[in-house]
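Here the structure is laid out as structure tokens; the discussion comes afterwards.
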Amino acid sequence: MRLAVPDVDAARALAQQWAEGASPVESWEAVPLYAAERLLRAGHADLAFVPTLAVLRDPDAFSVVPGLGLVGNAYASVKLGVYSRLDAIRRVGFDPHFAQEALLAQVVLKELYDAQPVFVPVPSGEEPPPDLDAVLSVGAEPPGDGFVLDLAQEWFEMTTRPMVWALLAAPVGTVTPEEARALRDEALQHHPPDSLGTTHDIGGVTLAAYAHAGLDEWVNQLFYHRALDDLPAIPFVLLQPPDEDE
């Protein structure tokens, strides 16, 4: 299997572990998280960490490996630079590649600060318009001299659950239960679920019950804020009990 992982430490470490172990991963590359879905759909990867939003919006297109995801600070920092009062934010600039991160900012601003700004697309490399009240930044510090909201921390304070940024997915029907189990079990040898703490700064690649609660909360918030038309079932690969594997 060819694997695409986000260009962040936790994902790269897991990919290397899989490539050197007994998992079905034969090769891997690090890419921006938003590029993983495109690589998977184009056939340039067999398996990828796909933004959770992408799976939720098209669940019939994917088979998701149970027990694995990018949780908490396992993803690159996602921050909002704010240059006005929080309740006075009217326009937020964001790179349209980061649709999931922009939706998280929208949810946090509405639920915690009663702000409902317009989100203005600012493609990477373009100069942002001068009338923005906030700028979404992924993997870097926001520009300017405003104060900064760490959106993973804000999400945790709102929900007491970690954010699940991405799920490990393959094109539908292309990963077997045996392959999914091998991927999960090898990952859990080095990233046990009980290593996750109970604060916003937890980070990992496993979906313990605590992280699954964060995933459920993200689904519910997206539905409530009309970013999803329904409450989709996540298409996890069904694993047989170990004594039925033979």
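The values are calculated or read from the model by the stated rules, or taken from the named source; none is laboratory data. Please read these numbers as outputs of a predicted model, since none were measured by experiment. For neighbour counting, all protein chains shown are included, and Cβ atoms are generated from backbone atoms with ideal geometry for every residue, glycine included. For the accessible areas, the whole protein counts, side chains as well, though only heavy atoms, and no ligand, DNA or RNA atoms are used. Shrake-Rupley method; radii C 1.70, N 1.55, O 1.52, S 1.80 Å.
Across the alpha-carbon set of the chain, the Rg to Rh ratio works out to 0.98, Rh being the Kirkwood radius.
Counting Lys and Arg as +1 and Asp and Glu as -1, what is the net charge of the other residues whose Cβ lies under 9 Å from the Cβ of Ser77? Overall, the nearby charge balance is -1.
With the charge dipole of region 1-153 set up from +1 on Lys and Arg Cβ and -1 on Asp and Glu Cβ about the Cα centre, the Cα lying farthest toward the positive end among the listed residues Ala76, Ile89, Val64 is that of Val64. Structure remark: mean-square fluctuation, Gaussian network model of the chain, C-alpha springs under 10 Å; the largest value among Leu53, Leu207, Leu86 belongs to Leu86. Full extension of the chain between Met158 and Ser77 yields a length gain of 27.4 nm, computed as 0.36 nm times the residue separation minus the alpha carbon distance.
One equal scatterer on each Cα of region 107-162, no solvent, Debye formula: the resulting log10 I(q)/I(0) at q = 0.23, 0.31 Å⁻¹ is -1.12, -1.40. Magnitude of the charge dipole for region 22-123, about its Cα centre and with charges confined to Cβ atoms of Lys, Arg (+1) and Asp, Glu (-1), is about 440 debye.
Note on the chain: antiparallel DSSP beta bridges, both residues inside, total approximately 60 percent of the bridges counted. Think of region 124-169 as a dipole: +1 on every Lys or Arg Cβ, -1 on every Asp or Glu Cβ, centred on the Cα centre; then among Pro162, Pro142, Ser124, Pro162 lies furthest on the positive end.
With the other protein chains left in place, how much accessible area per residue, in square angstrom, belongs to the chain at a 1.4 angstrom probe? Spell out each step's value before the answer.
Values: 11390 Å² over 246 residues.
Accessible area per residue, the chain: 46 Å².
Please report, in cubic angstrom per residue, the volume enclosed by the convex hull of the alpha-carbon atoms of region 51-146.
Working: hull volume 11.6 nm³, N = 96.
Measuring per residue, one finds 121 Å³ for the Cα hull of region 51-146.
Projecting the Cα atoms of Val237, Leu103, Val25 onto the dipole axis of the chain, where Lys and Arg carry +1 and Asp and Glu carry -1 at the beta carbon, places Leu103 farthest toward the positive end.
Length, then width, then depth: along the principal axes, the Cα atoms of region 27-95 run 46, 24, 24 Å.
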